[in-house]
Amino acid sequence: MDVQVHEGALVPTETAERMDRRAFGEFVGPRGELASYAFGWTTGADPHVARLSLGIGAGNPGGGTFHAVIFPHEGGHAFSLTGDPFERVPQGVRT
């Protein structure tokens, strides 16, 4: 199993009062399956929301890229799929 995380650079927001933080990574399963992801958030944002893009199994039935938002909800966290892409991530199955 091979798991990699590559931290993205801190990027100032338009007002330079906050920073966008992003991380990218890949997961390679035992049979060579590849899942790539990107997640990130803006420091000090209100409301505090993180975003996620996940690419899995493109070219295979049920594969593709999925985008989600993560936010506080009732003392925990909630996730919601969204049609608004966060990042472009590789996807597919390695052979």
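The values are calculated or read from the model by the stated rules, or taken from the named source; none is laboratory data. These numbers were taken from a predicted model, which means no experiment stands behind them. Cβ sites come from the backbone with ideal geometry, for glycine too, and all protein chains shown count toward neighbours. Each accessible area value is taken on the protein alone, full model and side chains, heavy atoms only, with ligands, DNA and RNA left out. Shrake-Rupley method; radii C 1.70, N 1.55, O 1.52, S 1.80 Å.
(1) of a type outside the set (A, V, I, L, M); (2) at pLDDT 80 or above; (3) exposed (fewer than 10 other Cβ atoms within 10 Å of the Cβ): which one isn't true of Pro61, the others all being true?
It fails just one condition, (2).
Return the residue satisfying two criteria in turn: it lies in the range 1-18 and is among the β-branched types (Val, Ile, Thr) and part of a loop (DSSP other than H, G, I, E, B), and of such residues it is modelled with the highest pLDDT.
Thr15
For residues in the range 19-48 being under 19 Å from Val89 (Cβ atoms) and open to solvent by 50 Å² or more (accessible area, probe 1.4 Å), which is modelled with the lowest pLDDT?
Glu33
Of all residues being surrounded by 14 or more Cβ atoms within 10 Å (Cβ to Cβ) and in a loop (DSSP other than H, G, I, E, B) in the range 49-58, which is modelled with the lowest pLDDT? Just the residue, please.
Ranking the candidates gives Ala58 first.
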